[in-house]
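In what follows, a structure is listed as structure tokens, so that the remarks can point back to it.
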Amino acid sequence: MTDLGFISLGLAKLGMNERLVRVCAKSKSNSSSSPTILNREARFRYELLRKYECGIELTGSEIKSVRAGQMTLKDSFCTVKEGELFLKNVNIAPYGSTSAFFNHEPVRERRLMLHKRDIRKLKSEIDQKGMTLIATKAYFTARGWLKIEVALARGKNLADKRDTIKKREDDRQMKRAMKNISI
């Protein structure tokens, strides 16, 4: 008897295949169908030094919009107020099938959940070294929780941005050349 034995007994009477049910059960718990929202511009504008995984406090209509992929991390950043971490300039579109009364504001401060010692350390680095905290990625865990990846970053100057562009173009040319050789 398998781990889904209690299901397979009932399905045998119906003539269904136990293997099919097991595959469906595995794919149902997989969170790959949930969107991963990236801040692609952050890698170009900033040098990312250290990354942290944070939880985020959202309302019901906000989480439904994020699951639908209606979130933008462009130009988002974090601030520390009274020992708490807040995410600013994140746009979560209003949920379509909710009335305006029950819906949320698209752009507002959202509280991030991170350990106090990490928040204190980040605050001291931001104040002393002139760095910033930016949101680089939003994704769902296997348990269905929304996590925000926040990076401690230092702004790039124009020469660094040009180097990034040059490196990216060189990589593309190398991939094209390798593709043409292998054919």
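Values computed for the structure shown
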{"read-out": "Answer residue from region 78-107, given it is under 14 Å from the mean Cα position of the chain (by Cα) and of a type in the set (A, V, I, L, M, F, W, C) and is modelled with the lowest pLDDT among those", "value": "ILE92"}
{"read-out": "Failed criterion for PRO106 (all others in (1) in contact with a strand residue (DSSP E or B) (Cβ under 7 Å, 6 or more places away or on another chain); (2) closer than 15 Å to GLY60 by Cα; (3) touching a residue at least 24 places away in the same chain (Cβ under 8 Å) hold)", "value": "(3)"}
{"read-out": "Within region 43-66, considering residues that are under 13 Å from the mean Cα position of the chain (by Cα) and modelled with pLDDT under 90, the one surrounded by the fewest Cβ atoms within 10 Å (Cβ to Cβ)", "value": "ILE63"}
{"read-out": "Residue ranges of strands (runs of 3 or more DSSP E) in region 86-155 with at least 2 members closer than 19 Å to PHE44 by Cα", "value": "132-140, 146-155"}
{"read-out": "Count of residues meeting criterion [acidic (Asp, Glu) and in contact (Cβ under 8 Å) with a residue 40 or more places away in the chain] in region 40-54", "value": "2"}
{"read-out": "Count of region 108-145 residues which are under 15 Å from ARG67 (Cβ atoms), modelled with pLDDT of 90 or more and either of a type outside the set (A, V, I, L, M, F, W, C) or over 17 Å from the mean Cα position of the chain (by Cα) (or both)", "value": "3"}
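The values are calculated or read from the model by the stated rules, or taken from the named source; none is laboratory data. In this text, all values refer to a predicted model and were calculated from it rather than measured experimentally. Cβ atoms come from the backbone with ideal geometry, glycine included; neighbour counts cover every protein chain shown.
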